[in-house]
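Have a look at the structure below before the remarks.
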Amino acid sequence: MSDATYRFLLSLSIIFPFSVSVFKFKQIPVSYHPLVYVISLGLINEIITYYFFRSGNAIPTNIYNLLEFIFYCRQFRNWKHILQKKFSYYLTTISVALFWITDEIILGKLNTFTSFFLILYPFLLVLLAVNELNFLVANEHGNVLKNPIFLFCIAVIIFYAYRILSEIFYRYTDDHELQNRIFDIQAYVNVLFNILLTFVILCIPKKRTITLR
């Protein structure tokens, strides 16, 4: 089995949160739908990149990274703790989108992986997750371990913090063996991330139904 196939099989761990979200979709509140959309896009991206972009997956991955960031920002806004104001929400998403358009389209880097964007958007997601986590710790009085927002923030911090470190070490080391190990570890961190997302979906409270009398 090739390394690419093995990593692809590990990436299919996203099927776990995807399957649970499909099974529970009618019970999931609309406010959590951006997370479901990201998971769905993630699965589609993994399949497309493996079967149709074996020689180079930069184009679909770069497009997915932008969509992922936008949907995650919408998810944080839906929780009404951070990015509540339209100005801060649109400033964050539009600024990153404009940077992506400039870097990937205007400068013609869509077919390559550019370090700055691959560090920028995970860094912003980690900041958002930390701020959300601080709010929960200060205001949540129940068991936070069963709180889907808490679990989501922990998952984001773990996964995207490693993404930042891996990108930095990958770009600034000439040791090819170390570069391969970085990606090998990231594949397992991705599995952990998907497992945590599965628990996030499982812990989402059921959508409230209003009955008229």
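The values are calculated or read from the model by the stated rules, or taken from the named source; none is laboratory data. None of these values were measured; they are calculated from a predicted model. Cβ coordinates were reconstructed from backbone atoms using ideal geometry, including for glycine residues, and neighbour counts include every protein chain displayed.
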Residue ID - farthest from residue 199 (Cα to Cα), chosen from residues in the range 136-149 that are modelled with pLDDT of 90 or more and surrounded by fewer than 20 Cβ atoms within 10 Å (Cβ to Cβ): 147
Within the range 175-182, is there a residue that is within 13 Å of the chain's Cα centre (by Cα), surrounded by 15 or more Cβ atoms within 10 Å (Cβ to Cβ), of a type in the set (S, T, N, Q) and in a helix (DSSP H, G or I)? no
Could you look through the range 107-139, keep only residues that are assigned to a loop (DSSP other than H, G, I, E, B) and among the hydroxyl-bearing types (Ser, Thr, Tyr), and pick out the one that is nearest to residue 55 (Cα to Cα)? 112
Looking at the range 66-83, is at least one residue among the polar types (S, T, N, Q) and out of contact with any His (no Cβ under 9 Å at 6 or more places or on another chain)? no
State the number of residues belonging to the range 118-159 that are within 18 Å of residue 91 (Cα to Cα) and polar (S, T, N, Q). 1
Of the conditions (1) modelled with pLDDT of 90 or more; (2) farther than 20 Å from residue 186 by Cα, residue 80 satisfies every one except a single condition; which number is it? (1)
Quick check: is even one residue across the range 77-98 of a type outside the set (S, T, N, Q), in contact (Cβ under 8 Å) with a residue 24 or more places away in the chain and within 18 Å of residue 36 (Cβ to Cβ)? yes
Name the residues in the range 162-174 that are part of a helix (DSSP H, G or I) and either among the hydroxyl-bearing types (Ser, Thr, Tyr) or at pLDDT 95 or above (or both), would you? 162, 166, 170
In the range 1-22, what residues are free of Cβ contacts under 8 Å to residues at least 12 places away in the same chain and in contact with a Ser or Thr (Cβ under 8 Å, 6 or more places away or on another chain)? none
The lone condition residue 54 fails out of (1) on the phi > 0 side of the Ramachandran plot; (2) surrounded by fewer than 16 Cβ atoms within 10 Å (Cβ to Cβ) is (1)
Long-range neighbours under 7 Å by Cβ, at least six apart or interchain, first residue free of Cβ contacts under 8 Å to residues at least 40 places away in the same chain within the range 174-200, second not in a helix (DSSP H, G or I): 179/173
